[in-house]
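A short worksheet on the structure shown next.
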Amino acid sequence: MAGAWVFAEITRDGPHPAAFELLAHARSFDDDPTAIALGQGATEAAAELGAHGAATVYACDDPVFAEHPGRPAAHVLAGLIEAEAPDVVLFAQTYDSRDVAGRLQGSIGSALMGNATSIADPRHARAEIFGGTKIVDVELAGPAPPLILLRPKSIAAEPTGGTARVVPLEADVPEDIRGARIVERHEESASGPRLEDAKVVLAGGRGLGGPDAFAMLDELASVIGGAAVGASRAAVDAGWVPYSYQIGQTGKTVKPDVYLAAGISGALQHVVGMKGAKRIVAINKDADAPLLAMADLGVVGDLFQVLPALTEEIRRRKGS
Amino acid sequence: MNVVVCAKLVPTGTPTLGPDHLVVRSGTDAALDPGDEYGLELALQLTEQHGGDVTVVSMGPDEAGQAIQRALAMGASRGVLVSDPSLRGADALVTARVLAAAIGMYPFDLVVAGVESTDGYTGTVPVTVAEILGIASVTAVRRLEPSDAGARIERMTERGYDVYECPLPAVVTVTAGSVEPRFPSLKGIMQAKQKPVDRPSLQDLGSRDLTATQTVTAVTDAPTKSGGEVVQGDEAVGRIVELLAEAKVI
Amino acid sequence: MAVLTVAVTLFWRRARSRLEVLRAARPAARTDHPGVRARRELSHVLGQRKLFQKAAPGVMHAFIFWGFLVLLPTIVEAMLAAIDRHWTFPYLGHVAWFAFLQDLFATLVVVGVAIAFTIRKIQRPDRFRGSHMEEADRILLAILGIVTTLLLWNASRIALGFADHPAAAPVTDALSGLFGGGRGTEVAERVLVWSHLLIVLGFLTYLPRSKHLHIITAAPNVYLAKNQPLGYLEPLRIDLEGAETDVRLGASVATDLSRKQVLDLFSCTECGRCQEVCPAWNTGKALSPKLLIMDLRDQVAKEAPLITAGAAGIVELQPLVPNAVADQVVWDCVTCGACVRECPVDIEHVDTIVDLRRNLVMAESRFPNEAGAMLRGVESSENPWGQSASARTDWTASVEDIRVLQPGDPPPEILFWVGCAGAFDERAQRTTQSIARLLTAAGVDYAILGPRERCTGDPARRMGHEYLFQMLAEANVEILNGAGVTKIVASCAHCFNTLANEYPDYGGAYEVVHHTELLSALVAEGRLRPDPAGGRGSVTYHDACYLGRHNGRYDAPREVLRAAGAAAVEMPRHGERSFCCGAGGARMWMEETEGTRINDTRFAEAEATGAETVATACPYCFVMLDDAAKAKGSAVRVADVATLLAESTLAEPGG
């Protein structure tokens, strides 16, 4: 088995956690997967990658990958692939990795599959579509190695305690193909993603009783990560949160992976703003609230108990 | 600044699969992908401020002409529809090759698309198009302005945004909510009928390899996820956590 | 003679520009049913009916108006007597009863002017805010001048012995005591007749550029008013295949207005009765119907020279929105029609506002963002909430035996038009279920269209998207006619108005009733037997604008509530004077950003009656008032009339 390759995204904080998951995926059919790590900190990351199953790590610490996202990485990968002919290359379904995979497909003409949740072998993978209600099995053809994008958290990373052989690489990226260049970075502290883009939306309604209770949602959001806080019209009208929080027919429309509503009854005017959510959780002390019937998971209970308990439980899970 | 916008016709309700495991695109209610409307709006604003034309390109069945009409009604100057039965079931690579060939037939400074389509959500076709055309690309764009270096672009990140200087021509994908798509006026709809819509054939686009690289072998129903259950008491927190895990959120 | 010529010429020159504007305007096509129009003329103009909607101002104006009519012959008399001092009007000038009438009405005019000044200077009602008070003062003083000079002149004639029946005119007779009868009186008589004439003629030349022009324009304006119920809007008939220049997309510039709309502008007397009742103005919004009409009038007046000059070629006129009227003012309107109801000269403010909206939406795509979601929903899913059509029958899950009319089925006796709110909104669904249960219990042969039902198009039309409405109307009529439907019962006041009044323009002529009417009839016939002893407690009924004021239906819901055992208590603003819930005019899908909320204001009024329940007859009113109740944490229950009836009638009203 020449092998499963894993594109380990190197961020400013080190290897992206998804990289370890990809190694776990790779190890389901290849005992000695290879990881490609491009960017400052790549060599340093090799140890951790090895500890999660990578047998070999191609590492290049050149700053060009951080300065010019996407194109240089695809260029280097293309060269490597031509030289080493792997069977498959796995990517995480993140914005950055996706860009690399997409460009790579353009240059080497390989098959590319997105949103995969598991792989059987280099030519067969599985994905969920239509909001997770259908599973599709896909067969990948073509000459070059297939590129498979796997959803983060589709598998748990497995520490193996191994060590990887590090192969240093030179980045030889011609000036004219470097593409766009980063000139500034802005971190918007603590506010997290916008409502329209967030994968998880936590919304509070009349049941929260006042502006202070929104702090519970803020905390839950920061513990989950990548979550935004919104509100129903009742909370906005009452002045507890600004209009930018409003979700509904005269507010924003959101389509997150998970929509968690606390203290919202679920009037039509609100529902039209979130009915596209893939999964809906509703917490309400009124068992007759329409949103409970509509939700994938309805919780009849006191949100002032459930929300902190939930936050604690998630914190506990993430800590371990 | 001439801009080409990629547009896709997607089903408006829940998409359904045909017996060949492909999404049914004909004979159902379909419309211009809402994600593409953001790209189109950005393109229109850019050309309104800096001059130039917006050309909208779409690959799909005949009905994709509807998506093009809507784009023309919103203000695009020209439409391009590539429609061939052999393209049914085209995967990302074939789509990218066809689009790149069609786009290459027109002068452009910028190619704009949505971040991902609402029915496929792979999100890689635009950058593949960029690679084939040999130009730069920036995805998840929330703001773009022409600059001396080409364009100054703000790209969304998990923590905020990064600013790029990008040489033109380039491909960008635009995030939802970055601009407010305009509602086409009736005047726009009437004028749209007079605007040119080119229909290049596959031959016009030049020969290239259009064999699909993936096939769907089976479609099954997912095991019933936590659908419509109601819990209370102590098990509530646990169930929520399970759901979040199933949704790959934690 | 010369004076007369000068005056008339001046009047004509000044009035001509107004006339040109009218000539350049679109014909109004309002000549049908002349009998109805004539009756309205008699009632509104001669009878001053709408003026009497307010007691004191009504009396004031009636005195002056009737006075003006009665005293018309005296103007002719004065003109001719100015030349020949002995001249009197043939026949009328010699009979005692006319002398009496002259005397009486001249005095009444003086009284009227006194009342007017009392109202304006002492009472100072808020409806005059924004009106040109000095102009009004000048006009009132001129009127006073006219009748006082008339009285004094007649008094001097009596003193000179020219009157036949001085005793028949007590006031004038008493005034004649002021004159000695000699040379001085002869001079005074000349002075007075000339003063009288000069004031009259001067007034004439002042007329065309002032709001007093209404004395000429009001009568035709009343004649051209709508014969249809207030809720009816005239269709635009947009044909996209036709030439672009032929398609009218609403009112953009002054020349887009119809003759009726221009007459509206010229007939406004700035009385402010409309402003006083406007829900937007009363809750702190920028819209005042009076100011809207005044602002449009001012722009048309300003552009009048351009309009007349432009009859030859292209004219660059300023768009009415935002130059005369701000965008927000156009969107503030809830189309409740309270303004139209109040207007003494039958100005149709709502029609003009909708015409302005039509241009903003269809030609310029300029409207509040939030409403875009509603338009998109109606466009792609045929309902304002973008829900899937198959969900229209979800409410039937808990109700037995609902017949869904399939294509090819024989038509039911009556089609129950559920409407989008009644199908998709969980609160309105309760009403739908109550109605269905009641109809079944009464043994009515009915069916619903289910997924084949589409939005009637009302929200799109009120928003100004006439084309979207047209497409829906045509499609719905095709289905209804194809199914052989002849009678429809609607549970939403908006659907009711559109189906009954507006669909005939698109080939859909059905007998349409509102659910309260049908239920009331069923109770009267004994097919439904509510138990009034069930006691619904004290209930106050909120008249829905689109059922009540727009269509004159006030009694049926009250009859139903009485039958259900409710102890009725009325809000101050009820019946024709009902205060809107705030959802009309597509405002259900727009945010209120200024002042207080209309629904909160109305709910407070309802709560103040002390009633335990607020009854509604329209799902929009229901949702708006229920939201207001919840926001206030009030214990007052909001429920539809049908639900209250069901609770008194059925063993398991459910819902």
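Whether any residue in segment B:12-31 is at pLDDT 80 or above and either more than 14 Å from chain C (Cβ to nearest Cβ) or within 18 Å of the chain's Cα centre (by Cα) (or both) is what I want to check.
Yes; the residues of segment B:12-31 include at least one that is at pLDDT 80 or above and either more than 14 Å from chain C (Cβ to nearest Cβ) or within 18 Å of the chain's Cα centre (by Cα) (or both).
Enumerate the pairs (first residue in segment C:171-189 and under 21 Å from residue C:98 (Cα atoms); second residue anywhere and crowded, with 16+ Cβ neighbours inside 10 Å and acidic (Asp, Glu)) with beta-carbon separation below 6 Å, excluding pairs fewer than 6 apart on the same chain, so at least 6 apart or on different chains.
Qualifying pairs under 6 Å: C:171/C:103; C:172/C:103.
Of all the residues that make up segment A:112-121, how many are more than 9 Å from chain B (Cβ to nearest Cβ) and among the β-branched types (Val, Ile, Thr)?
Going through segment A:112-121 one residue at a time, the tally reaches 1.
Determine whether segment A:196-208 contains at least one residue that is without any contact (Cβ under 8 Å) to a residue 12 or more places away in the chain and in a strand (DSSP E or B).
no
Only one of these is buried (at least 16 other Cβ atoms within 10 Å of the Cβ) and closer than 30 Å to residue A:316 by Cα: B:212, B:192, B:247. Name it.
Just one listed residue meets the conditions, B:247.
Which condition from (1) part of a loop (DSSP other than H, G, I, E, B); (2) within 25 Å of the chain's Cα centre (by Cα); (3) aliphatic (A, V, I, L, M); (4) under 30 Å from residue A:156 (Cα atoms) is the one that residue B:168 breaks?
(4)
Would you check if there is a residue in segment B:178-192 being in contact with an Asp or Glu (Cβ under 8 Å, 6 or more places away or on another chain), within 9 Å of another protein chain (Cβ to nearest Cβ), under 16 Å from residue B:7 (Cβ atoms) and of a type outside the set (Lys, Arg)?
Checked segment B:178-192: at least one residue is in contact with an Asp or Glu (Cβ under 8 Å, 6 or more places away or on another chain), within 9 Å of another protein chain (Cβ to nearest Cβ), under 16 Å from residue B:7 (Cβ atoms) and of a type outside the set (Lys, Arg).
Residue-wise test of (1) in contact (Cβ under 8 Å) with a residue 40 or more places away in the chain; (2) over 19 Å from residue A:202 (Cα atoms).
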{"site": "B:170", "(1), (2)": "yes, yes"}
{"site": "B:177", "(1), (2)": "yes, no"}
{"site": "B:190", "(1), (2)": "no, yes"}
{"site": "B:200", "(1), (2)": "yes, yes"}
{"site": "B:238", "(1), (2)": "no, no"}
{"site": "B:249", "(1), (2)": "no, no"}
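Evaluate segment C:66-77: report whether one residue or more is within 20 Å of residue C:213 (Cα to Cα), out of contact with any Ser or Thr (no Cβ under 9 Å at 6 or more places or on another chain) and among the aromatic types (Phe, Trp, Tyr).
yes
Please verify whether residue C:567 is surrounded by fewer than 24 Cβ atoms within 10 Å (Cβ to Cβ), part of a strand (DSSP E or B) and without any contact (Cβ under 8 Å) to a residue 60 or more places away in the chain, treating the condition exactly as stated.
The answer is yes for residue C:567.
Which of (1) under 30 Å from residue C:328 (Cα atoms); (2) in contact (Cβ under 8 Å) with a residue 24 or more places away in the chain; (3) surrounded by fewer than 23 Cβ atoms within 10 Å (Cβ to Cβ); (4) of a type in the set (Ser, Thr, Tyr) does residue C:593 not meet, given it meets every other one?
Failed condition: (2).
Out of A:247, A:280, which single residue is at pLDDT 90 or above and under 20 Å from residue C:427 (Cα atoms)?
Only one candidate qualifies: A:247.
Any idea how many residues of segment A:137-155 are surrounded by fewer than 21 Cβ atoms within 10 Å (Cβ to Cβ), at the interface with chain B (Cβ under 7 Å from one of its Cβ atoms) and on the phi < 0 side of the Ramachandran plot?
5
Can you name the residue in segment A:89-111 that is of a type in the set (A, V, I, L, M, F, W, C) and closer than 20 Å to residue A:25 by Cα and is also nearest to the other protein chains (Cβ to nearest Cβ) among such residues?
In this case the residue turns out to be A:111.
Give me the pairs, please: first residue somewhere in segment C:572-583 and over 16 Å from residue C:600 (Cα atoms) and in contact (Cβ under 8 Å) with a residue 24 or more places away in the chain, second residue anywhere and in a helix (DSSP H, G or I) and basic (Lys, Arg), beta-carbon distance under 9 Å, and either six or more positions apart or on two chains.
From segment C:572-583, the pairs are C:576/C:341; C:577/C:341.
Taking segment C:342-384, which residues are away from chain B (no Cβ under 14 Å) and within 21 Å of residue C:592 (Cβ to Cβ)?
C:349, C:350, C:353, C:354, C:356, C:384, listed by residue number.
Consider residue A:224 against the criteria (1) of a type outside the set (S, T, N, Q); (2) surrounded by fewer than 19 Cβ atoms within 10 Å (Cβ to Cβ); (3) touching a strand residue (DSSP E or B) at 6+ places or on another chain (Cβ under 8 Å); (4) on the phi < 0 side of the Ramachandran plot: it satisfies all of them except one. Which criterion is unmet?
Of the numbered conditions (1) of a type outside the set (S, T, N, Q); (2) surrounded by fewer than 19 Cβ atoms within 10 Å (Cβ to Cβ); (3) touching a strand residue (DSSP E or B) at 6+ places or on another chain (Cβ under 8 Å); (4) on the phi < 0 side of the Ramachandran plot, the odd one out for residue A:224 is (2).
Only one of C:55, C:38 is under 21 Å from residue C:136 (Cα atoms) and surrounded by fewer than 12 Cβ atoms within 10 Å (Cβ to Cβ); which?
Only one candidate passes the filter, namely C:55.
Output the residues belonging to segment B:133-142 that are under 17 Å from the mean Cα position of the chain (by Cα) and at the interface with chain A (Cβ under 8 Å from one of its Cβ atoms).
B:137, B:138, B:139, B:140 - these are the residues of segment B:133-142 that are under 17 Å from the mean Cα position of the chain (by Cα) and at the interface with chain A (Cβ under 8 Å from one of its Cβ atoms).
Taking segment C:111-121 on its own, how many of its residues are over 23 Å from residue C:342 (Cα atoms) and free of Cβ contacts under 8 Å to residues at least 40 places away in the same chain?
1
If the requirement is being touching a residue at least 40 places away in the same chain (Cβ under 8 Å) and under 23 Å from residue A:113 (Cα atoms), which of these qualifies: B:94, B:138?
B:94
Search segment B:92-132 for residues being more than 7 Å from every other protein chain (Cβ to nearest Cβ) and among the acidic types (Asp, Glu), and hand back the single one that is farthest from residue A:129 (Cα to Cα).
B:109
Identify all residues within segment B:143-172 that are more than 9 Å from every other protein chain (Cβ to nearest Cβ) and more than 18 Å from residue B:47 (Cβ to Cβ); write none if there are none.
Residue satisfying the conditions is B:148 alone.
Only residues in segment C:47-67 that are closer than 9 Å to residue C:344 by Cα count as the first member; pair them with residues that are surrounded by fewer than 16 Cβ atoms within 10 Å (Cβ to Cβ), Cβ under 7 angstrom, at least 6 apart or cross-chain, and list the lot.
Hits for this filter: C:49/C:43.
Take the residues in segment A:241-282 that are in contact (Cβ under 8 Å) with a residue 60 or more places away in the chain, of a type outside the set (Gly, Ala, Ser) and not in a loop (DSSP other than H, G, I, E, B); name whichever of them is nearest to the other protein chains (Cβ to nearest Cβ).
Per the stated criteria, the residue is A:279.
For segment C:123-158, name all the residues that are surrounded by fewer than 19 Cβ atoms within 10 Å (Cβ to Cβ), of a type in the set (Lys, Arg) and either touching a His at 6+ places or on another chain (Cβ under 6 Å) or part of a helix (DSSP H, G or I) (or both).
Answer for segment C:123-158, where residues must be surrounded by fewer than 19 Cβ atoms within 10 Å (Cβ to Cβ), of a type in the set (Lys, Arg) and either touching a His at 6+ places or on another chain (Cβ under 6 Å) or part of a helix (DSSP H, G or I) (or both): just C:138.
Based on this model, can you work out whether residue C:397 counts as touching a Gly at 6+ places or on another chain (Cβ under 7 Å) and either surrounded by fewer than 17 Cβ atoms within 10 Å (Cβ to Cβ) or of a type in the set (Gly, Ala, Ser) (or both)?
Spelling it out, it is not the case that residue C:397 is touching a Gly at 6+ places or on another chain (Cβ under 7 Å) and either surrounded by fewer than 17 Cβ atoms within 10 Å (Cβ to Cβ) or of a type in the set (Gly, Ala, Ser) (or both).
Check segment A:284-295 and report whether any residue there is closer than 26 Å to residue C:619 by Cβ, away from chain C (no Cβ under 12 Å), surrounded by 21 or more Cβ atoms within 10 Å (Cβ to Cβ) and not basic (Lys, Arg).
Checked against the condition, which is being closer than 26 Å to residue C:619 by Cβ, away from chain C (no Cβ under 12 Å), surrounded by 21 or more Cβ atoms within 10 Å (Cβ to Cβ) and not basic (Lys, Arg), segment A:284-295 yields at least one hit.
The values are calculated or read from the model by the stated rules, or taken from the named source; none is laboratory data. Source: prediction; values computed, not measured. Quick reminder, even Gly has a Cβ in these numbers, built from the backbone with ideal geometry, and neighbours come from all protein chains shown.
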